[in-house]
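Below: the structure, in structure tokens.
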Amino acid sequence: MERTLVIIKPDALSKKIVGKVITTFEQKDFKIVAFKMVLVSREKAEEFYQEHKGKEFYEPLVNFMSSNPCLVMVLEGENATQKIRDIAGNTDPQKAEEGTLRELYAQDNRHNILHAADSLKSAEREVKFFFSENEIHHWEGKIYKK
Ligand code: AMP
């Protein structure tokens, strides 16, 4: 089982499509193992996106991500990192495959409703960036049975 980090970005909250995003992940059999609402500070957003520092979209990206709250979550499932990126679709909604979340709901490559870690290494770093180990739930053997 793999864990990955997803950020539901401020535009998804203002569009009131959070439920649709989460339902999509649940229907694909991913489990939520951590979840919280965060108003990411400018400093935190700069640190999170440090690999993009100097690129022309860096400043507006940091501004956007720290403008209003995000929902951050850890999802667990088989091959989670790659599968969730596939479900999200291309960063640019104009290029996103049909039926992907970004094709359906994103406005442009900044207001693109969610972030999904792009590799196992990033997933590990990003989960730790937002959550401590005791904030992550371990479902094994604790699932309610009807
Ligand atoms: P990534 O680290 O690849 O997930 O990129 C982080 C975020 O930066 C993306 O989700 C976009 O919102 C933004 N981004 C990436 N490339 C561009 C671009 N060419 N123009 C504007 N925003 C971008």
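The values are calculated or read from the model by the stated rules, or taken from the named source; none is laboratory data. Remember, predicted model here, so these are calculated numbers, not experimental data. As a convention, Cβ positions derive from the backbone with ideal geometry for all residues, glycine included, and neighbour counts pool all protein chains shown. With ligands, DNA and RNA removed, areas are computed over all heavy atoms of the protein, side chains included. Shrake-Rupley method; radii C 1.70, N 1.55, O 1.52, S 1.80 Å.
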| query | Counting Lys and Arg as +1 and Asp and Glu as -1, what is the net charge of the other residues whose Cβ lies under 15 Å from the Cβ of Glu26? | reply | +1
| request: Rounded to whole Å and sorted largest first, list the principal axis extents of the Cα atoms in region 80-146. | output: 42, 34, 18
| said: Quick one: 3J(HN,Hα) in Hz for region 10-23, Karplus 6.51/-1.76/1.60 with θ = phi - 60°, rounded, Gly and Pro as x. | reply: x, 5, 5, 5, 6, 7, 6, 10, 4, x, 5, 5, 5, 4
| said: Could you tell me the ratio Rg/Rh of the chain? Both radii from Cα atoms, Rh via Kirkwood. | reply: 0.95
| field | Spatially proximal lysines relative to Lys31 (Cα-Cα < 16 Å; intrachain offsets below 8 disregarded) | value | Lys20, Lys83, Lys142, Lys145
| Relative contact order (percent, whole number), the chain, Cα cutoff 8 Å, 6+ residue spacing | 36 percent
| said: As a test of reading the structure, rank Met65, Met37 by solvent-accessible area (1.4 Å probe, protein chains only), most first. | reply: Met37, Met65
| request: Take Thr91, Thr24, Thr4 and sort them by solvent-accessible surface of the protein heavy atoms, 1.4 Å probe, largest at the top. | output: Thr91, Thr24, Thr4
